[in-house]
Structure formats: structure tokens, C-alpha cells
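Chemist: Could you have a look at this structure, given as C-alpha cells, before my questions?
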Amino acid sequence: MLVLVGMETIVGYAFDRGAGAADAGVERVEAYYRALWGDDIVRDRCRAGAVGLISWSRAKPLSSWPAWRAAGELCVASLYAPLGYESLVGDLVPEQAAVPLARAVLAAPGRMLELAAPFVLGVVDRAAERLDLFTDSVGLGRLFQVRMADGWVWSNRPVAACLFADLPLRASTEGWQYAAGCGWFMGDTTPYAGVQVVPGATHVAADGRQRIVTRIDPASVWSGTTPAEETAEGLRTVVRSIGRLWPGTPTVDLSGGRDSRVVAAAFLSAGVDVRLNSYGPEVPVAEQLVAALPYEVEHVVKRPQPVLPASSASPVLPEVVDRARRWHRYGEGLRPASYLFHGPPADLAGVDHLAIGGAGGEVAHGHFYPRDVLKLDANIDVFTQQLTARLVPARGPAEAAREAVRVQVQRVLREASAGGLDDARMLDHFYIVERLRRWGTTAERSGVVSPLLLPAFMRGAFGLTTRQRLGNELHLALLRELMPQWADIPFYKPAASVPAQVKRLGAAPDQEEVRVRLRGSDDFDEAAIRTLWATSAAGKSTAADEVALRQLLWRSVFDDHLGEVNQHITRPPAATSAPARPASTTPRPAPTTPGPASAPVRASPLKQRVRRNPAVRRLARTQLWRSVRKCLR
């Protein structure tokens, strides 16, 4: 079964007064995305005074859930399909459920949190001339916001938000400082200056006169206890939803691990016809699970291929600069640099199979727990130190980037503690509100679903003690409810593996261009980067050594992406202090399709040498210089 990879786009707006320049914004969005969307696209639109909502979706959707519905006074736009929607509207077919679901959530916004993530809901009430936007409990469903000169705009794509607002795109100083440290954009930051993430469990209401934002404390969303039998029934309800939303026989990956086993058990227990798929070294455990079933199930197996020793051959690498540029065009800077050696899709209009995974299951087995967690003094300072050391590469990031990550880690742990999570569950809270919603690609396209993102599963996970979590007790309790014969089969434990081949930037075909780009960033330690590059070019770097190099290259190539998008912006950039790469905010004549970035305008050689001087850089970071600079403005 094929589903759309990721063309669905929504834009909601609220002008401070009047209708604003919405038509021009729509034209800019379509001019940029036309080549990325492909031809199978339909636009739906609703205006009501100063607010409006636009949806671009596939003309022939393969999911039964409608991306757009209008009835009476309501226009409803959906992103993703709401697993478990029946709990809000009853036994309605998906094609008829969107407007009743919107009415239920408008009447009681807290009910939005009963649905499994990801899901984003946009509603325009034409009679009241009001726009309402809702995010799921985790915030996995993507929604970004931008302040326009005369209002607000929201979109699931940050580039679409900026294009609609006619806002010249610039790199976010704070966001990329986080990314230099840990690889993702922490807090409410994004790769783009002025673009913020709308967090989970949030309701935005705007009518052109005021914007009211309400958020439910995440800790309260996951508090309370849900018995295992009730969670198991919730999982059955979710997988039945999947059967309704995507007609046909779904393929469920069954490994020897914990999360996929619970998901597969939920499908089988609910009586949904599935095809099981197993591959890699976990195949023997998966075959043992299938053999324990009292009935036959189609099981596709792909045997693991022998792994060559790391020293036997060097991996063939692509030209990484162009690949990074294509990833930024596809993922709008949101994919982490670890994807550098994976091939990006050519556009947003490709197709792929329905992907059913176990995302979210990590919260029930301590993804960020240190090995000696039971021996540690469970307090914020200890966990902050542990997490920072784990997330930030030992060499490469500048001290300021390392400190920014540390401060944000501490901030999130304090929020968890204030919400009553005063033990190792602070780390699980951090995993959800930071890593899961920002790192994962579950919400990058429609058709990626995970039943374990059900709020009942999250509540069950947060009800565990540290020892219970390490013992996989929630997974085992659910298996006893869903598929008892699987509960006693041990989970797969990987044996000592052959070290993977290190993919070195120094061995890339375009290594000279890479070398030139690994310069001039305040977020990285210049001396450390020079050493790491020399080690990489000599073929002696470790996988850990390559992390900072990839992240710096990722940031450098992002400027090319900014240049591509800014060709469609008509408003001149605001006057700012000279950026490191000024070409990223320079508007260009708007072509009909995204093209390669023009060569950036470089400072004079003398200015470049001055800016790169270590003593000058140290001076620029002092409070004295900031005070002097402020007086000179």
C-alpha cells in the first residue's frame, strides 16, 4: 500500500486588521513548492475577516482521513490522521468524522489530548471570524509560528510560514548554537530566525483582534495511572483506527525487541489482518514469536548479510555538500546532520509504504538512563551533567554551544521536577519534550504511525518506578494482555558487533569544498575543528570525531538553502549587524522553481582575516565589547 511522503501543507493566518496580503502569500508559497509538490495537488482555502486557513494536499489521497472538510460555519484542516478518533466522535467512517471531531475539540480542547500523536488540527469558524489551532499532547505534529509586520502566520513547514509572511529567511543564532552542541534545535527554536515551534498540548485562538494561547502542562498530561488492561484496549482501538484510515493489509515490522513486539501484538489481538516483516540479526527471535502463534500469519523474512570488518574496505562516499543541500531543501533544516550519508528524497511528492513503528516506546525503558542510574543520586545537577556529556561531542563544539545545551537540559529537568517528576523520570520527560518531538521523523510525512504514542501508554510509562522501567514491566504487562504466549520469550539482546565502518568527510570526493566550508563559525572551536579535519583527512578519525565535522558542514550548507528560498521573498531584509554569510538573507528575483543558490557575497580578505583572528573573537564575546558596540550603533 502506498501513501504520500510529505506534500501536505497548511498555512493559517490572523492579520491585525483587514484581510491583509493573503493572496500574494499564497502565490509565493506555491511558486516555491510547485516543483517539490508535483502535479497531484489540490488547494483548499477558507477566509473569515482577518483570519484564514489554506491547505494543500493530494488530489487523490490514499488515507481515508480528509485533509480538508467544510460544513456549515466550520472549515477544518487536518495534518496526519488522528489515531483513535472514534473515542471522540463515535463509530463514524473517517470521511465523515473531521467536522464532528473539530466540534468536539472546540467544545472541550482537552479532548485533543486523547488522540495519539502526531496530529494537528486547524479550524476556521466563519461566523465568529476566528481561527483555532491545536497540537497533540507531545507536540510531535509539527506547527511553527511567525510574527508578521501586520499579524501572525502558522504552518507545519517553517519555509511556508516565512514565504507567506514575506519574511526574509535568516539562520537562527540560538537555534544553530543548540544544533552545534547536540545536533537538534532545542526549546522553541528552529533553524530560522523569527520562526518558533508551537509546543505540544497547545491551543491557539486568533480573531484578528487578539491571539490567545493556552497550554496544558505536559507533566499533567501524563500523570495518573492507567491499568495495563485499559492501555491494551486503547492500543486495540488505535490499530483498528489504522485499519479504517488506511484500507488494505498493513505491514508491521516485528523485530526481537520490545516496542515492535507490543505493536504487532496489538494488531494481532485486535483481529486486524497484518503482514509481519523481519530482517537483520533479530530474525531468529521474530521467527520464534511467529511460531508461538496459534494461527498462521504471513511473515516476510530478510536474512542478515555478513558484515565485513571495518578495515577490509573503505566505504564509497557521495559528494556530501550537494547531498546536504538537498536534505535542507527536503527537510527545511530540521533533519539532523546524522542523515548526511543517507540519500534524500528528490521531492515531497514521492510515495512509500505505510510505516508502522514503535516510536514513543523508549519512554518505558529509560532511553537516556545511565548504566548506573540505580546508584546515582537522582537530582537535577547530576542528571544535567550526565545528559550534557552524552549529548555534546567531546571535541568540536565551542564552549558557548556546550553551555547553551547544558542550560536548556537543566531548564527542562527543572520543569519536570516542578511537575512532580522528582526521580529518573525527569530523563523520560526530557526525552519526550526535547528528543522525541524534535529529532524523530515520525511527523515528517503522512503515513508514519506509532500506536505507542497513545497517551494511555505514556501515562503507564510515567507510572513506573526506575527499577520497573529497567525491567520492561509495562511491555511485559501489555504482552500478557495482548499476546500472552509472547510474554515469556526473552527480548533480543545484541551480541558484540563488528565495529561499523567510519564514514569520513575527509574521504569525500568533494573534500576540498568541505575543507573550505569547515571555517568561520563561532559555535565551533576552530582549533579543535582543524585537528579533527586533519585526523579525518588522514583516515584516522573515529565515528565520534566525525560528529562535530558533520554538524559544522550541515550548518554551512544551510546558507545555500536560505539563498534558494530567499529568491522568492520580495520584502527587503531588515538591517542587522553583518552576518557571517550575508548572502543567506539577500532577496533575488523569484524564479518559478527552486534553483541552486547563487555564490555568496564574501567580505574582503582583510576583514575575513580580522574576523577569524582568535584574539578578535575572544574580544567580541566580552561584555565590554558589547557595551562599546551598543554605544556605536
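Chemist: Against the condition acidic (Asp, Glu), in a loop (DSSP other than H, G, I, E, B) and under 18 Å from Ser446 (Cβ atoms), how does Asp44 come out, does it pass?
Modeler: No.
Chemist: Separate question: Having 3 or more residues that are on the phi > 0 side of the Ramachandran plot is the bar; report the helices (runs of 4 or more DSSP H) wholly within the range 432-536 that clear it.
Modeler: By residue number, no helices (runs of 4 or more DSSP H) qualify.
Chemist: As an exercise: evaluate Glu362 against (1) touching a residue at least 12 places away in the same chain (Cβ under 8 Å); (2) assigned to a loop (DSSP other than H, G, I, E, B) and give the number of the one condition it does not meet.
Modeler: Condition not satisfied by Glu362: (2).
Chemist: Restricting the search to the range 138-155, which residues are under 24 Å from Val363 (Cβ atoms) and touching a Phe, Trp or Tyr at 6+ places or on another chain (Cβ under 8 Å)?
Modeler: Selection gives Gly141, Leu143.
Chemist: Which count do you get for residues in the range 48-82 that are within 17 Å of Val99 (Cα to Cα) and not small (Gly, Ala, Ser)?
Modeler: Adding up the residues that qualify gives 13.
Chemist: Please note which helices (runs of 4 or more DSSP H) are completely contained in the range 85-171 and include at least 3 residues that are touching a residue at least 60 places away in the same chain (Cβ under 8 Å).
Modeler: 158-165
Chemist: If you go through the range 219-229 one residue at a time, do you hit one that is under 21 Å from Phe119 (Cα atoms), assigned to a helix (DSSP H, G or I) and aliphatic (A, V, I, L, M)?
Modeler: The answer is yes; a qualifying residue exists.
Chemist: Quick one: in the range 408-462, of everything that is among the polar types (S, T, N, Q) and modelled with pLDDT under 95, which residue is nearest to Glu332 (Cα to Cα)?
Modeler: Thr441
Chemist: What number of residues in the range 398-424 are more than 22 Å from the chain's Cα centre (by Cα) and not hydrophobic (A, V, I, L, M, F, W, C)?
Modeler: Matching residues across the range 398-424 total 8.
Chemist: Kindly indicate the residue of the range 388-410 that is charged (D, E, K, R) and free of Cβ contacts under 8 Å to residues at least 60 places away in the same chain and also surrounded by the most Cβ atoms within 10 Å (Cβ to Cβ) among those meeting that condition.
Modeler: Arg406
Chemist: Quick check on this structure: which one of Arg209, Arg240, Arg236 is over 21 Å from Tyr431 (Cα atoms), assigned by TED's automatic domain parsing to the domain that holds Ala81 and either out of contact with any helix residue (DSSP H, G or I) (no Cβ under 7 Å at 6 or more places or on another chain) or touching a residue at least 12 places away in the same chain (Cβ under 8 Å) (or both)?
Modeler: Testing whether each residue is over 21 Å from Tyr431 (Cα atoms), assigned by TED's automatic domain parsing to the domain that holds Ala81 and either out of contact with any helix residue (DSSP H, G or I) (no Cβ under 7 Å at 6 or more places or on another chain) or touching a residue at least 12 places away in the same chain (Cβ under 8 Å) (or both) leaves just Arg209.
Chemist: Against the condition modelled with pLDDT of 95 or more, among the charged types (D, E, K, R) and touching a helix residue (DSSP H, G or I) at 6+ places or on another chain (Cβ under 8 Å), how does Glu174 come out, does it pass?
Modeler: Answer is yes for this residue.
Chemist: What are the residue pairs meeting all of these: first residue in the range 543-564, first residue closer than 10 Å to Ala337 by Cα, second residue β-branched (Val, Ile, Thr), Cβ atoms under 9 Å, and 6 or more apart or on different chains?
Modeler: Ala548/Ile529; Leu549/Val514; Leu549/Ile529; Arg550/Val320; Leu552/Ile529; Leu553/Val320; Leu553/Val321; Leu553/Val514
The values are calculated or read from the model by the stated rules, or taken from the named source; none is laboratory data. This structure is a prediction, so every number in the text was calculated from the model and none was measured. Cβ coordinates were reconstructed from backbone atoms using ideal geometry, including for glycine residues, and neighbour counts include every protein chain displayed.
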